[in-house]
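Engineer: I have a structure I would like to understand better, so I am pasting it below and will then ask my questions one at a time.
Every number in this text was worked out from the coordinates using simple rules, so none of it is lab data. Worth saying up front: this structure is predicted, and the values here are computed from it rather than measured. Here the Cβ is made from the backbone with ideal geometry for all residues, glycine too, and neighbour counts use every protein chain on show.
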Amino acid sequence: MIEVKNLSLSYSNKKQKVQVLNNVSLSVAKGEIYGIIGKSGAGKSTLLKSLNLLEKPDSGSVVIDGIDITKIKKDELRKIRQSIGMIFQGFNLLNSKTAFDNVALPLILQGKLTKSEIKTKVDGLLALVGLSDFAHKHPDSLSGGQKQRLGIARALTTDPIILLSDEATSALDPETTNSILELLLTINEKFGLTIVLITHEIDVIRKICDKVAVIDKGVIVESGTTVDVILHPKHELTRKLIIEEESHRYLEQVSDFYKFDKTDNSHLVVISFIGNTAFDPILGQISHELDITFSILRGELGRIKKMPFGQMLVEVRGSVSQLDNALKIFKQLNVHYELIA
């Protein structure tokens, strides 16, 4: 569906040339939700905009459904862009128009449908995103989540085969973020839509992405299935995005009632379970077998896409050799762990 090969892009100013993308390659299959994660300034927004040539690369190719869009004429590119929907972080809605009119505008500009056909289509899209009752409201009277739902509806008007999402949930609260991610999952499943999204939040990747690429300073440093990258991060940046972020968050959440006692017999471990192991009594079995104790300080049960996923912060009480034996069992059971103290 999408093949990016050796893509490079730079900006020049009076003082210097800044390399934003450096020899980037990635492949997105039809119907996948593909996440691109990185810190601010890593080049992820530029990479996303390169997929529909809103940012024109210096070299390399972007192949959409077999067509290299870096080599076609403007008229052909315009047609292909109609098959690529875009969701913006800042919503990009017209405050002077109603919700209905915002969604209808791309169809009006296309000039292919009658007023009756436009109304039928827009009504259906507003229903899909849960905004039927807000059709005649203006964007400035909507919440952030409603505005983003409206932006999603507008992005679907031209029946795209690809949906690009530019930090669509970064300005939203956690509950609203979850509802938007669930909506994107529904759209992906209902229409078989290929979705490429960028984010700096590992939770977004975990909840809906099939595959993920990690970008740093314009270079893809790691990529693969979401499960593999999250449970077995290879690059230092990936480990920081996943392990250190989670560990820091967990420690902050328990700091009010817990103070770690740094001794040879006390160890802090973040443990991650995937699939059926999320429901197995592994800690109890290890505790009984090795005469070691676990204090669960914080934990959660969720999913990576639709696969069960559990993660917890535990204090392990036992000797260093007992801890080593416990970690060996984790490894044998394919349970990911990170010793943080």
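Engineer: When the helices in the chain are scored as -39500 (n - 2.57) per DSSP H run of 4 or longer and the sum is shared across all residues, what 222 nm value do you end up with, to the nearest 500 deg cm²/dmol?
Structural biologist: -10500 deg cm²/dmol
Engineer: Okay, next question. For labels at S61 and S179 in the simple 7 Å Cα→Cβ model, what's the distance in nm?
Structural biologist: 4.4 nm
Engineer: Provide the per-residue ³J(HN,Hα) series for the stretch 167-179, in order, calculated from phi with Karplus coefficients 6.51, -1.76, 1.60 and θ = phi - 60°, each as a whole number of Hz, with x at glycine and proline positions.
Structural biologist: 6, 5, 10, 5, 9, 10, 6, x, 5, 5, 4, 4, 5
Engineer: Oh, and also: Using θ = phi - 60° and the Karplus relation 6.51 cos²θ - 1.76 cosθ + 1.60, list the HN-Hα couplings for the stretch 279-292 in order, rounded to whole Hz, with x at every Gly or Pro.
Structural biologist: 10, 7, x, 5, 4, x, 5, 5, 4, 5, 6, 10, 6, 10
Engineer: Which three lengths, in whole Å and largest first, does the stretch 38-165 cover when its Cα atoms are put on their principal axes?
Structural biologist: Largest to smallest, the principal-axis extents are 47, 37, 23 Å.
Engineer: Which lysines have a Cα less than 22 Å from the Cα of K328, not counting those fewer than 8 places away in the same chain?
Structural biologist: By straight Cα distance, K328 reaches K234.
Engineer: Compute the distance from the alpha-carbon center of the stretch 197-223 to that of the stretch 14-28, in whole Å.
Structural biologist: One Cα centre to the other: 17 Å.
Engineer: As a quick test, which of the pairs K44/K306; K39/K240; K217/K240; K74/K115 have an alpha carbon distance above 18 angstrom in this structure?
Structural biologist: K44/K306; K74/K115
Engineer: Please list, ordered by chain and number, the residues whose modelled amide H lies under 5 Å from the amide H of S266; skip anything fewer than 5 residues away on the same chain.
Structural biologist: G318
Engineer: I've got another one for you. State the volume of the convex hull built on the alpha-carbon positions of the chain, expressed per residue in Å³ and rounded to an integer.
Structural biologist: Hull volume normalised by residue count: 174 Å³.
Engineer: Using only Cα atoms, tell me the angle between helix 99-110 and the longest principal axis of the chain; keep it within 0 to 90° and round to the nearest 10.
Structural biologist: 60 degrees
Engineer: Could you name the lysines in cross-link range of K119, using Cα to Cα under 17 Å and dropping any fewer than eight places away on the same chain?
Structural biologist: K97, K137
Engineer: Please check: in the Gaussian network model of the chain (C-alpha springs, under 10 Å), which one of L53, L109, L94 has the largest mean-square fluctuation.
Structural biologist: Evaluated over the chain, the most mobile residue of the options is L109.
Engineer: From the phi of every residue in the stretch 53-60, what ³J(HN,Hα) in whole Hz does the Karplus formula 6.51 cos²θ - 1.76 cosθ + 1.60 yield, where θ is phi - 60° and glycine or proline is x?
Structural biologist: Here the 3J(HN,Hα) series is 6, 5, 10, 8, x, 6, 7, x Hz.
Engineer: Please report, in debye to the nearest 20, how large the charge dipole of the stretch 55-194 is about its Cα centre when each Lys and Arg carries +1 at its beta carbon and each Asp and Glu carries -1 there.
Structural biologist: 640 debye
Engineer: Would you grab the residues whose amide H sits under 5 Å from the one on L297? Only those 5+ places off in sequence or on another chain, please, with H modelled 1.01 Å from N.
Structural biologist: Placed amide hydrogens put L313, V314, E315 under 5 Å from L297.
Engineer: Cα axis of helix 245-254 to longest principal axis of the chain: angle in degrees, 0 to 90, nearest 10?
Structural biologist: Rounded to the nearest ten degrees, it is 60.
Engineer: Among the aspartates and glutamates, which have Cα under 18 Å from the Cα of K56 when same-chain residues fewer than 8 positions away are ignored?
Structural biologist: The reachable aspartates and glutamates, counting only those whose Cα sits under 18 Å from K56, are E3, D68, D75, E76, D166.
Engineer: When the Kirkwood radius is taken over all Cα pairs of the stretch 7-59, what Stokes-Einstein diffusion coefficient follows at 4 °C and 1.567 mPa s, in µm²/s?
Structural biologist: In µm²/s, the coefficient rounds to 106.
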